[in-house]
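Taking it in order: structure first as structure tokens, then the write-up.
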Amino acid sequence: MTGFPEVLPEEVGTPIPVSPSIPIDTYTYDYIVVGGGTAGCVLASRLSEDGDVSVLLLEQGPVADTWASRVPLLSGNMFAKDSLAARWWSLPLKNADNRFLEIIRGEALGGTSRINGMLYTRGSPGDYNQWKALGHDGWAYSDLERYFVKSEKARSHPSAPFRGKTGMWENGQFKDIPYKTTAYVDHAVELLGIERVPDLNSPDAPAACTGIVDIVQDSEYHRHSTYRAFLHPTLAQDRRKHLKICPNSIVSRLELERAGESLYATGVYFEATNSRKAGYRYLARAREEVVLCAGALGSPQILMMSGIGPQAHLLDKGIPVHQDMPAVGGHLSDHMGVPVAFEVPLSDSLHHLEESPLKAVMELARYILSGQGAFSRPFQNSSTFVPSRLLDDSGSIANKDPRRLDASLPENRPDIELMHIAHDCGDYDVSGKGVYTMLVTLIRPKSEGSVRLATSNPRARPDVDLGFLSDPSDYAPLRKGIRLALRIGEEVRKQGYPLMDLKVPDGTSDEDINRFIREHLRTCFHYTSTCRMGKETHGERPSVVDTELKVHGVRGLRVCDTSVFPEIIGSHIMAPAVMVAEKCADTMKGVTTSAERAG
């Protein structure tokens with residue numbers, strides 16, 4: 001038992017059909033937050049800071065606050081039997097040999113922050129300045145830095161003015177990386193002209209840089225998910241009278257009402273996740289607003305189940321159309337990764353724990369006793385970012401003009417990230433060997449996919465078309481990134497380290513590398529933009545929400561998660577998801593800055 005004050009669906013909703021004898025106030029709340037994931041936990045926490053505001057939070061997954069779920073290495077294994085990850089297959093990749101990739105998201109309180117790599121990366125200022133350039137006032141980096149600062153307690157950067165010191169969400173760095181390969185790779189990267197920086201989240205970091213990544217971890221070396229940071233048991237108990245948290249619940253659709261020409265979201269229909277209780281349905285109503293925080297896969301699914309989405313698709317699924325909105329579920333973006341893998345001594349990789357049960361037991365004991373060792377760390381420790389346009393054919397930085405390294409300018413943003421991982425991160429296991437992977441990742445893809453309903457059953461997983469390589473121009477930066485990874489490997493070997501090719505292209509031609517990309521392409525699970533922000537519902541750039549995250553044409557309804565990103569950003573998306581929730585909460589509470597008031 002966690003002591004967490006979770007409630008059951010029948011305790012917070014009224015059964016369907018609704019009985020007129022049941023007082024409406026017993027199932028009505030000021031706000032209903034749908035989805036207790038990375039963003040939903042933050043939003044529910046902030047909205048419930050006011051004891052006079054009632055909030056209902058509905059989450060599809062459990063609380064599942066176990067010891068193992070807080071251990072970084074154990075909780076990050078999405079393929080473990082007790083993982084909090086939900087997994088299903090994508091639609092075939094039409095432009096990548098019709099391969100299928102696994103779709104993975106966290107389904108528990110805290111969402112994907114319970115299972116991911118724990119990486120705290122904000123992205124470059126140019127990412128958000130591009131949002132502003134697209135016409136989204138209030139979303140430039142200068143507008144958003146304070147929301148990053150508000151949420152975090154950055155233990156490794158106590159004096160940096162752009163880092164938070166008193167927030168609820170802790171992060172830090174491991175300066176000592178135990179894998180010998182890392183030092184050789186770091187030296188090779190610097191030899192190729194890529195600057196090493198102490199803080200990858202600095203707004204002054206150049207567009208081409210390398211460094212240790214921050215990870216979200218508390219002072220006891222536990223994973224610091226947004227659940228543990230923003231809705232931990234003590235806080236939830238203190239607020240249990242006005243904050244109702246209902247896990248293991250599926251929202252089937254929104255309650256929508258028309259008044260004249262206006263469409264209103266007035267509540268949600270939901271039921272228990274347990275299929276044995278699927279016949280019991282409930283309604284909860286909202287006085288003020290319903291906010292969808294179900295993620296870039298879940299939020300568009302709920303909108304479409306409610307009749308808000310592409311008209312032809314909804315009619316095909318037998319769903320009455322309330323609002324024709326083509327962008328719902330469209331424009332899915334994800335970072336494409338291609339693992340370039342090398343064989344290293346077994347002791348220099350995480351595979352040592354898999355091959356040596358004694359070593360694994362010793363490391364686990366070390367973690368239990370001191371919080372240190374392999375179990376305290378995520379799979380990834382460092383990253384290299386680079387704009388592919390600066391790379392020459394050999395993989396070196398060809399142009400170091402400072403004006404081309406200013407990452408505050410949208411045109412200078414990096415489009416390639418090398419994730420340095422002392423483990424095999426391909427689709428197929430390599431047993432008995434030590435593996436070091438440079439995951440070459442396209443972080444500004446032009447290819448887009450979609451999320452569509454598989455059926456009209458809300459319990460069915462949506463059809464996800466990742467759309468990888470649907471835009472052929474994505475090949476060019478990936479090729480440059482792969483050549484950079486191979487060049488780094490050559491430099492490591494020159495230092496005398498025993499690095500051997502394991503999963504690399506068969507040749508050096510564009511055709512060889514393109515084939516390698518298609519064969520090994522994988523998702524990074526960074527799904528965004530399926531309810532993207534914008535000014536119009538139809539036209540050249542159709543969108544779903546406005547700059548205040550309100551759904552176009554539907555009053556009392558917002559979306560608050562990575563689905564609202566106008567464009568995917570060039571970093572891991574957990575910290576930006578929290579930033580969006582912080583900004584949304586302030587907007588809903590009417591908090592404005594002096595600059596906003598003056599404007």
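Whether any residue in the range 318-327 is over 24 Å from LEU57 (Cβ atoms), of a type in the set (D, E, K, R) and assigned by TED's automatic domain parsing to the domain that holds ILE573 is what I want to check. So that I can check it myself, show each step before the final result.
Our first condition is that a residue be over 24 Å from LEU57 (Cβ atoms); within the range 318-327, this holds for 318-327.
Next, from what is left, pick out any that are of a type in the set (D, E, K, R): 324.
Right, trim to assigned by TED's automatic domain parsing to the domain that holds ILE573 and you get 324.
The answer is yes; a qualifying residue exists.
For the range 141-187, the candidate set comprises residues that are among the acidic types (Asp, Glu) and in a strand (DSSP E or B); within that set, the residue that is farthest from ASP214 (Cα to Cα) is GLU152. Checking each residue in the range 168-205 for being farther than 22 Å from ARG377 by Cβ and not assigned by TED's automatic domain parsing to the domain that holds TYR497 picks out only MET168. Cβ-Cβ distances below 6 Å connect the following pairs, each with a first residue in the range 541-568 that is in a strand (DSSP E or B), a second residue that is small (Gly, Ala, Ser) and modelled with pLDDT of 95 or more, and a separation of six or more residues or different chains: PRO542/ALA327; VAL554/ALA265; LEU557/ALA265; VAL559/SER299. Just one of (1) in a loop (DSSP other than H, G, I, E, B); (2) buried (at least 24 other Cβ atoms within 10 Å of the Cβ) fails for PRO326. It is (2). For the range 525-532, state whether one or more residues are within 28 Å of the chain's Cα centre (by Cα), more than 18 Å from MET325 (Cβ to Cβ) and polar (S, T, N, Q). Scanning the range 525-532, I find no residue that is within 28 Å of the chain's Cα centre (by Cα), more than 18 Å from MET325 (Cβ to Cβ) and polar (S, T, N, Q), so the answer is no.
Restricting ALA229, ALA154, ALA207, ALA140 to those that are of a type outside the set (Lys, Arg), within 30 Å of SER543 (Cα to Cα) and touching a residue at least 40 places away in the same chain (Cβ under 8 Å) reduces the list to ALA207.
Yes or no: the range 50-70 includes at least one residue that is closer than 21 Å to LEU231 by Cβ, touching a residue at least 24 places away in the same chain (Cβ under 8 Å), among the basic types (Lys, Arg) and crowded, with 22+ Cβ neighbours inside 10 Å. Walk me through how you get there before you give the answer.
Filtering the range 50-70 down to residues closer than 21 Å to LEU231 by Cβ leaves 50-70.
Those still in the list that are touching a residue at least 24 places away in the same chain (Cβ under 8 Å) too: 50-65, 69-70.
Keeping just the survivors that are among the basic types (Lys, Arg) gives 70.
Of the ones still in play, those that are also crowded, with 22+ Cβ neighbours inside 10 Å are none.
No, the range 50-70 has no match at all.
For GLY279, the test of being at positive phi, free of Cβ contacts under 8 Å to residues at least 60 places away in the same chain and surrounded by fewer than 21 Cβ atoms within 10 Å (Cβ to Cβ) is failed.
Quick check on my filter: what residues within the range 207-229 are aromatic (Phe, Trp, Tyr) and surrounded by fewer than 24 Cβ atoms within 10 Å (Cβ to Cβ)?
Residues of the range 207-229 that are aromatic (Phe, Trp, Tyr), as a first pass: 221, 227.
The one that is aromatic (Phe, Trp, Tyr) and surrounded by fewer than 24 Cβ atoms within 10 Å (Cβ to Cβ): TYR221.
Number of residues in the range 157-195 that are farther than 26 Å from SER349 by Cα, crowded, with 20+ Cβ neighbours inside 10 Å and in contact (Cβ under 8 Å) with a residue 24 or more places away in the chain: the value is 5.
Being in contact with a helix residue (DSSP H, G or I) (Cβ under 7 Å, 6 or more places away or on another chain), farther than 18 Å from LEU109 by Cβ, in a strand (DSSP E or B) and not charged (D, E, K, R) is a property that LEU263 lacks.
For (1) surrounded by fewer than 23 Cβ atoms within 10 Å (Cβ to Cβ); (2) modelled with pLDDT under 95; (3) within 19 Å of the chain's Cα centre (by Cα); (4) under 19 Å from VAL185 (Cα atoms), each residue gets a yes or a no:
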residue: TYR367; (1), (2), (3), (4): yes, yes, no, no
residue: PHE375; (1), (2), (3), (4): yes, yes, no, no
residue: GLN380; (1), (2), (3), (4): yes, yes, yes, yes
residue: VAL386; (1), (2), (3), (4): no, no, no, yes
residue: ARG403; (1), (2), (3), (4): yes, yes, no, no
residue: PRO410; (1), (2), (3), (4): yes, no, no, no
residue: ILE416; (1), (2), (3), (4): no, no, yes, yes
residue: ALA422; (1), (2), (3), (4): no, yes, no, yes
residue: CYS425; (1), (2), (3), (4): yes, yes, yes, yes
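Within the range 477-521, restricting attention to residues that are small (Gly, Ala, Ser) and in contact with an Asp or Glu (Cβ under 9 Å, 6 or more places away or on another chain), the residue that is surrounded by the fewest Cβ atoms within 10 Å (Cβ to Cβ) is GLY489. Scan the range 242-258 and tell me whether some residue there is surrounded by fewer than 24 Cβ atoms within 10 Å (Cβ to Cβ), of a type in the set (Lys, Arg), at pLDDT 95 or above and out of contact with any helix residue (DSSP H, G or I) (no Cβ under 8 Å at 6 or more places or on another chain). Scanning the range 242-258, I find no residue that is surrounded by fewer than 24 Cβ atoms within 10 Å (Cβ to Cβ), of a type in the set (Lys, Arg), at pLDDT 95 or above and out of contact with any helix residue (DSSP H, G or I) (no Cβ under 8 Å at 6 or more places or on another chain), so the answer is no. Restricting attention to the range 124-145, and to residues there that are in contact with a Leu (Cβ under 8 Å, 6 or more places away or on another chain) and closer than 9 Å to LEU409 by Cα, which single residue is surrounded by the fewest Cβ atoms within 10 Å (Cβ to Cβ)? Filtering the range 124-145 for residues that are in contact with a Leu (Cβ under 8 Å, 6 or more places away or on another chain) and closer than 9 Å to LEU409 by Cα, the one surrounded by the fewest Cβ atoms within 10 Å (Cβ to Cβ) comes out as ASN129. Taking the range 102-133 as the range and being of a type outside the set (S, T, N, Q), out of contact with any Lys or Arg (no Cβ under 8 Å at 6 or more places or on another chain) and in a loop (DSSP other than H, G, I, E, B) as the test, the residues that pass are GLU107, LEU109, ILE115, GLY117, ARG122, GLY123. Close contacts from the range 494-511, counting a first residue that is within 14 Å of ALA188 (Cβ to Cβ) and a second that is of a type in the set (Lys, Arg), with Cβ to Cβ under 8 Å and a gap of 6+ residues or different chains, come to TYR497/LYS180; LEU499/ARG493.
The values are calculated or read from the model by the stated rules, or taken from the named source; none is laboratory data. Only a predicted model underlies this, so the values are computations on that prediction, with no experimental measurement involved. Note: ideal-geometry Cβ built from the backbone for every residue, glycine included; neighbour counts use all protein chains shown.
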